[in-house]
Each structure stands twice: as structure tokens, then as C-alpha cells.
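Single-structure report; data block below.
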Protein chains: 2
Amino acid sequence: MKIAVLGGDGYCGWATALYLSKQGHEISIIDNFVRRQWDHELGAQTLTPIRPLSDRLRVWHQLTGYNISSYIGDVTDYEFLVGMIQDFEPEAIIHFAEQRSAPYSMIDQRHAVFTQVNNVVGTLNLLFAVREHAPQCHLIKLGTMGEYGTPNIDIEEGYITIEHNGRKDVMPYPKQPGSFYHLSKVHDSHNIMFACKVWGLSATDLNQGVVYGTVTDEVEMDEALINRFDYDEIFGTVLNRFCVEAAIGHPLTVYGKGGQQRGFLDIRDTVRCVEIACNHPAKAGEFRVFNQFTERFSILDIANHVQAAGKKIGLDVEITHLPDPRVEAEEHYYNAKHSKLIDLGLQPHYLSENLLDSLLKIAVRYQDRIDSSLIMPRVNWRKSRNEKPQQGAVRAAVAGNGKNGGNGHHAAPLAPVASAKTPRAK
Amino acid sequence: MKIAVLGGDGYCGWATALYLSKQGHEISIIDNFVRRQWDHELGAQTLTPIRPLSDRLRVWHQLTGYNISSYIGDVTDYEFLVGMIQDFEPEAIIHFAEQRSAPYSMIDQRHAVFTQVNNVVGTLNLLFAVREHAPQCHLIKLGTMGEYGTPNIDIEEGYITIEHNGRKDVMPYPKQPGSFYHLSKVHDSHNIMFACKVWGLSATDLNQGVVYGTVTDEVEMDEALINRFDYDEIFGTVLNRFCVEAAIGHPLTVYGKGGQQRGFLDIRDTVRCVEIACNHPAKAGEFRVFNQFTERFSILDIANHVQAAGKKIGLDVEITHLPDPRVEAEEHYYNAKHSKLIDLGLQPHYLSENLLDSLLKIAVRYQDRIDSSLIMPRVNWRKSRNEKPQQGAVRAAVAGNGKNGGNGHHAAPLAPVASAKTPRAK
């Protein structure tokens, strides 16, 4: 199958592209490397030393004989996106190409607006491009379990049957997202559902839980294929971050009580879930939602697991509770369904001592690359203007420029039309 | 009270600004006149000859002694918006400043993206600006009943209590909007709800029905104060459009069977509902939702009313059924609650023979300004690329330019970052 992987240079995208290539699919990666740029903006880097995409693809071809093509550009550029679809003619498109960090979206107004415009416009463009140039193409979109929030009732997979005043209907499950990033994913879901309805597109929304791990069979083949491993407060997912903290003797940073429960999955299951979606496409006109996670843990559970695994390899791991920088329930009911992917054949890799041991060892191996100043949370949900790690430099740049300068984005997130600040008929 | 009316040069905004000024409030209008520009883009104009804002405000002051100030700029320009709030220091902000036409948003990719970016970014900016510079200010946001769609159960005002698997929670009412425009309003609602939660802002979302009428006590005072009366397929709301059709002997254009039921209200009730919201602000941290309409009609009901009213003044009015250009249920259950504004004192102006008679007479009076070529629907929901009335001219302009030219927007809706269309490692 010809499969386009949008955002294929990123964490989940890279693992997915290699895995699907290994299964014999014809893969193309679409990326603009903005994820690498955000690292520069934040003064952060992945724990693992990742290579440039061109290198990665060259080595993959040398090792396996498989060829992965690439289109370098931005999905918010409609002409670029259409050009790719006309040229590559994908049968499935996997859309990872979004700004995926909740804290990044909560830094300030510019980052919130950038996140929503980037994500919503990219997905809107994709819907139009598929409608106009590849209407049979199956769209597989990465959503997040965070779209649902933490309601006091069971979370279903996308839809819920509601009985109300003696009548009944199947409705989209109500969403209560917890950051401007999570909101952007909710906006996407609504837009995609509508496009399926009016244009007959087929789409699968994968509401993914928190991903952990970095090793898949493919990236393990060679140092040049190594995947990202983010541990900073902005892009580091919780289990990976805890392993890095354990490796350098930093207390595990549990936000609040740690009773926040979330769905989790191993990155080896991410790639398999996407494959399952590819092999079982949604019907024409169908907007299908899968909850993509395998286990539920509280944040404190995760910390306890890392502490125990650390002890076994001689690490003395402390757990600390910080004031929660997010606005979220620190203890709550949580029961989210996740049977649809299992029904289609997913065999989960549950969180194991082996996995924790391997992750900790990776963290120890690369510990000289760890900048511990990136770990403590600076972005506070209750504030609308937060300091970034490199804020000092940014402030200087903004002072010298004004409009588009200093933010680290290589394009202004939006194009304000002409305006005058002076009141007129006052 | 100091009240900022965003979009105060538009249809609902103008009527509201004058009405609140008359009640003794200190009003400022914020507008960038893009609504007037869309008329030029579409080759359309309001039936009634509206004056420039500066003229309108001058005459209002001469007639009443009341002074309405203005800030000319775009709410998607954050610096402009912050400047206005710091200078005017509003106690309430009424946000009408959005692209409000469903067909406009369905013309093509550019119009869909423009609508969502314009509306979502404007509202996001407003949330940040209020949080940073006027956290006590009450935000009154115009939403639409179209956010709900037409579910098979009763529509509540914003929230619904759901019992599911033996547990219960109050959840946001699930949304099923029917155009990229309506989707933008749903995105706004989610963003506002979140901002109220994390920052303690107070906001009222007015989910307004289809507005009809053009005359309020204030605009009737002088020809210079006359309000818009749109009848074209893009911006004309249904009752106003039917009256124009009746006036010139054009059959009333019912889409499909006409069994589509919607909530309606007189523009005299729009201004009163907004006043009620101002006088009874939401609490800090509260995201309050009112369904703002007074009566439910099917489209065919409306056509029959106009036909009957036409007969009385000697007009021979036919009704025609066109294939529905929208994707919507042509017959469906519809029972939407709308008691909260009534409970706070709204006394509705129900649709009357007098009102229909007055509207028809306005249509007859200005019939020499009617361009009947603007009435038939060209924008088809099932297509992703529709012709605009002025498409010929647009096509020529696009051919000669490319990127930002020819669309009629005075700024590109988004700023694509650098991209290359050539595949790289292929």
C-alpha cells in the first residue's frame, strides 16, 4: 500500500514509517522539521542523538533495501500538500504532523495561537486536498485521549448513546480538553467528522494515550536510525521523563497528588495500531474513532514503577510532589474503553520490568547529554504568559524587532490584516 | 457600563451598539469593515443603503447627544486588541466580530481556512487580552444554534446531564455543526469554556437562532442610521431573503422539502438579549450558555408566512423547492430549550403580520437596488470548490498573481512557512 506519513521525522512518525516500510508498504515521509526547530527555540534536545532525515533514510535503504521517499514542506501550505498527493498518490495518509505538546501551547498567546492555527489549518488542508485529489484515500489522524478530559462517567470510543427525556440518539462523545493543544485536537475531530459526512471521506481518528519507550525493532538496527527520546518539561512524556530523572539522581517530578489517571501505551503498540487502521480502513463517509492505549495508570503508579526498576539497577530514586502546574483533577474517576483495536488484532506490550530496565539504561548511557535545568515545570496553566527556558534571549530579540522576531517560529503563526491602534472618532 | 461592541458596524452589531448607547451605556465600536469588503468580493450589497461608520456615528451624536467611540482594526491583531482594551477599559465586551456566513465558509479551501482562522484566532486573542488586561471584564460571545445540529433528542442550553452505565455527570452538550463556519463557532465555545476554567474568566455564549428584521427604534430615527438588509445567497438570512424574493416576483427559494426546523428571533430581541446578558453577568470562572431565539419554524412555515403576507399587499408569491445545496436533514425532530433569557426578563417580539408587512414594504421600497442574480444558491456543500458570483474576475486575478491575489481578502488567511514542492530523497 502507498502510505504517506505526515510528520514522519518525529517521535511516533519515525517509528511508524520504518515499521510500515518493513512490512513492505511504499512509504513517503512528509515533514518540515519544525519539531527539530522547537528544540532550538526551547534550548532542548532529544536524549538520543538523532540524525538528519536524509541520513536516516540513506542508512535505512542500505540496511534493508527498502526505499522511503520524502516531501519536505509544511501541511499548512495547501499547494505543497496538493503537489505531494498528486505526485505520490497515497492510498492511506497518516497524519502526525501537528504541534503535540500541551505545555508548548500554554506558554503564551503566540504559542496558543500558533498551535491551533498550525494544527487546525494543516488538517483542514488535508481534508480539502484528499477531497479534491484522492477521495478514496483513507485518512488516519492522530488524536489524543486528552480530548475527553476526565468525566465522571465511562469514556466511550468517540460516540455515546444518550437517552434524554424519553428519546435516544447516538451522539459524538462530549469533549473536555485540558490545554490549547488538546483543544486543537478536538477542533480537528469536529472538522474531520463533518468532512466525512458532507464529502464521503473515510477517516480514522486514533485517540492515543501517553506513549512511552523509544526502541522498536527497526530503529534498533543501527545507531543512525535511533528515535527521539524527549525528557524536557515541554515535550517529554511522563514515563520517559521519569527515567531520565532517575538516571541522574533527580527526584521524579510528580505534579500534585499524582492521582491523575491516564491511558498509556508502548511505542511498539503505536506503530502496530496504525498498521491495523491501515489494513482495516474506515468505510466511505465513516468517521471512526479508536481509543489507542493499552493500560491505565496514575502518575504516581508510573513513578512507583520507575522507582522500583531503578532500585534493581542500583539507582536511588526519590519521588517529589510539585504543585500541579496544570489545571486538572488530581484525583478522579477514570474508565476509558479501548477494545476496538484489540478486536482488530492488537496484542499489547504491557509495561514490564524489561521495558523499564531498557529505558533506564538508555537514560544512563546518554546521561552526559542531559540538561537537568529543562526538567522542572515552568509553564503554569494559570498564567497566560510564561517564561521559556531561553526567554532571556527571546526578550532581547523581541525588543530589537517587534512583530515576527524572536519567537523562534520561522513564520508568524498568523497574518494580521491592516489595523490602526489609534482610536478614530473618539 | 463601558461596553465594547466588536463587529459593531455589522448587522447585529450596529443595532446592538445603538440600543445600548440609548440605554445610557458608554459604547465603543471595534470594526475593520471586512464585512463591507466581502460584499465587494461577492459583487453583492445590502438592500438598504448603509452609510460609512463615521457618518453613522456623527448623525447618532447629533440626534441623541450620545457619543459612540470607535477603534478601527482587526481582532486577529493581538497588539491592536490589547491597545483597545488598555485604552477603553471595557466592563463588558460583546463579540460579533466573526465571519458569520455558512455558505461563505463552504465556497472553497481558502474560504474555509479563512473563516476558521479568522474566527478562532480573534476569539483566542480576546481571551488572552481579557486575561492579561481586564480579567474582571464580562465576555459576551455570539454563538449560534447551528452548533447543535439537529439531534434526535431535546437540545439543552449548553450542558446536558448524562447517565451512563450507572454513573452520572453534567457534560457539555455534544455538537454536530453543519458547515465550516458553524464548526468555527464550536471551536470558539470549547476555547472559551477552557479559558473560564483555567483563568477564572466570566463568559456568556449566546447561541443565537436565525435573525430577521432590520428595524429597531434607534435605526428608524434617521435614514443615516439604517441597518444592513442582506438578501444574497451568501449572507442573506432566510426570512429577509424571502421578502426580497416576494418583492420582485421571484419564487421563494426553499431548499429541499423545507422541513428543516430552526430557532428564529426578531433583531429587536437580539439587542435586548445582549442587554440582559450585560445586566446579569456570568460569575467568575463561569462559562454560561443561553439559547437565544424565541420561536421555532420550518423553512416552509416561513415561506408560507411570507406568501400570505405578500398576498395582503397585492404581491403574487410563488414557492419553489430547489435541490438542497446543503447537507442537512430535510425533515427531523427539533426541540431546543430557550428559557434562560425569558427567565431573566426577555419579552419576545413574535413573528407578526405587522413585521412581515414592514419587511416586505422595505423590500419593495428599495427594489431598484436588488440584483436578482445573487439569489439562487451556487455554493453546494457537496463540492469543495464552488464558483462565486464574481468568479470570472477572480480567476483572471489569480492567473496573474498566484499566492495572495484575487481572493478578495485583503490579507492571506494564513501564512504558509517555507516549503518545497519537489520531492527530495525520492
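Since every read-out is calculated from the coordinates, none of them should be taken as a lab result. These numbers were taken from a predicted model, which means no experiment stands behind them. Every residue, glycine among them, receives a Cβ derived from its backbone with ideal geometry; neighbour counts consider all protein chains shown.
By the gyration tensor of its Cα atoms, with a ≥ b ≥ c the square roots of the eigenvalues, what is the shape of region A:182-226: rounded for a/c under 1.5, prolate for a/b over b/c, or oblate?
In terms of gyration-tensor shape, prolate.
Note down the net charge around B:M1, summing +1 for each Lys or Arg and -1 for each Asp or Glu among other residues with Cβ under 13 Å from its Cβ.
Working: positive: B:K2; negative: B:E26, B:E89, B:E91, B:E275.
Net of charged neighbours comes to -3.
In µm²/s, what is D for chain A at 10 °C and 1.306 mPa s, where D = kT/(6 pi eta Rh) by Stokes-Einstein and Rh is the Kirkwood radius from Cα pairs?
71 µm²/s
Calculated FRET efficiency, B:Y333 and B:E286, Cβ-Cβ r, R0 25 Å, to nearest 0.05?
0.25
Please report the net charge: other residues with Cβ closer than 15 Å to the Cβ of A:R167, K and R +1, D and E -1.
Its environment carries a net charge of -3.
Go through A:V211, A:V34, A:Y334 and say which Cα lies farthest out towards the positive end of the charge dipole of the protein assembly as shown; charges sit on Cβ, +1 for Lys and Arg, -1 for Asp and Glu.
A:V34
Which of A:S384, A:S28, A:S189 ends up with the largest GNM mean-square fluctuation for chain A, with Cα atoms connected below 10 Å?
A:S384
Can you list the aspartates and glutamates whose alpha carbon sits under 19 Å from that of B:K257, skipping same-chain ones fewer than 8 residues off?
In chain and number order, the partners are B:E233, B:E245, B:D301, B:E318, B:D324, B:E328, B:E330, B:E331.
If the limit is 22 Å between Cα atoms, which of A:K185/A:K361; B:K141/B:K337; A:K22/A:K340 go over it?
Beyond 22 Å between Cα atoms: A:K185/A:K361; A:K22/A:K340.
Can you tell me what percent of all Cα-Cα pairs in region A:103-166 are more than 14 Å apart?
74 percent
Return the average number of partner chain Cβ atoms within 10 angstrom of each residue Cβ along peptide B:166-172.
Counting Cβ atoms of other protein chains within 10 Å of each residue's Cβ and averaging gives 5.
How many angstrom separate the Cα center of region A:1-71 from the Cα center of region B:291-359?
Going from one Cα centre to the other spans 56 Å.
Taking Cα pairs under 8 Å and at least six residues apart, what relative contact order does chain A come out at, in percent?
Reported relative contact order: 20 percent.
Taking the alpha-carbon centroid of each part, what is the distance from region B:215-237 to region A:138-178 in angstrom?
Each part's Cα centre sits 41 Å from the other's.
Between B:E318 and B:S373, what FRET efficiency follows from the Cβ-Cβ distance if R0 is 22 Å, with the result rounded to 0.05? Each step should come with its number before you reach the end.
On the way: r = 18 Å, r/R0 = 0.84.
About 0.75, to the nearest 0.05.
Among DSSP beta bridges whose residues both lie in chain A, state the antiparallel percentage, nearest 5.
20 percent
Using Cβ counts within 10 Å as a stand-in for footprinting exposure, how do A:D39, A:D316, A:D9 rank, fewest first?
A:D316, A:D39, A:D9
With a cap of 16 neighbouring Cβ atoms within 10 Å, and only residues DSSP puts in a loop, list the chymotrypsin sites (Phe, Trp or Tyr not before Pro) found in region B:27-114.
Within region B:27-114, the qualifying chymotrypsin sites (Phe, Trp or Tyr not before Pro) (loop, at most 16 other Cβ atoms within 10 Å) are B:F33.
Report for the protein assembly as shown the percent antiparallel among DSSP-assigned beta bridges with both residues inside it, nearest 5.
Around 20 percent antiparallel, to the nearest 5.
Please rank B:L225, A:L6, fewest neighbouring Cβ atoms within 10 Å first, as an exposure proxy. Let's see the in-between values first.
Details: B:L225 22, A:L6 28.
Listed from fewest to most nearby Cβ atoms, that is B:L225, A:L6.
If you build a Gaussian network model of chain A, linking Cα atoms that sit under 10 Å apart, which residue out of A:P172, A:P348, A:P90 swings the most?
Result for chain A, Cα springs under 10 Å: A:P172 fluctuates most.
When N counts the residues of region A:259-314, how does its alpha-carbon radius of gyration compare numerically with 2.2 N^0.38 Å, as a ratio?
With N residues counted in region A:259-314, Rg over 2.2 N^0.38 Å equals 1.61.
Just from its helices, what would the mean residue ellipticity at 222 nm be for chain A, if runs of 4 or more DSSP H residues each count -39500 (n - 2.57) and the sum is divided by every residue, rounded to the nearest 500 deg cm²/dmol?
Working: 13 runs with 157 residues, N = 426.
The helix contribution divided over chain A gives -11500 deg cm²/dmol.
Could you state the orientation-averaged shadow area of the convex hull built on the Cα atoms of region B:1-92, in nm² to one decimal? Spell out each step's value before the answer.
Numbers: hull surface 24.8 nm².
Value for region B:1-92: 6.2 nm².
Pick from B:G236, B:G263, B:G345: which is most flexible by mean-square fluctuation in a GNM of chain B where alpha carbon atoms under 10 Å apart are linked?
Among B:G236, B:G263, B:G345, the largest GNM mean-square fluctuation belongs to B:G345.
Please state the Cα pair-distance histogram of region B:43-193 with 5 angstrom bins from zero: what percent is in each bin?
Taking all Cα pairs of region B:43-193, the binned fractions are 2, 8, 13, 15, 16, 16, 13, 9, 4, 2, 1, 1, 0 percent.
Starting from the eigenvalues of the Cα gyration tensor, five times each then square-rooted, give me the equivalent ellipsoid semi-axes of region A:329-374, largest first, whole Å. Present the calculation step by step, with values, prior to reporting the outcome.
Working: eigenvalues 201, 76, 19 Å².
Over the Cα atoms of region A:329-374, the ellipsoid semi-axes are 32, 20, 10 Å.
Which whole number gives the average count of other chain Cβ atoms within 10 Å of the Cβ atoms across peptide A:71-82?
So the per-residue partner count for this stretch is 6.
Once a ≥ b ≥ c are taken as the square roots of the eigenvalues of the Cα gyration tensor of region A:123-258, is the result rounded (a/c under 1.5), prolate (a/b larger than b/c) or oblate (a/b not larger than b/c)?
Since a/c reaches 1.5 but b/c is at least a/b, the shape of region A:123-258 is classed as oblate.
So what's the protein assembly as shown giving for Cα Rg divided by 2.2 N^0.38 Å, two decimals?
Dividing the Cα Rg of the protein assembly as shown by 2.2 N^0.38 Å gives 0.96.
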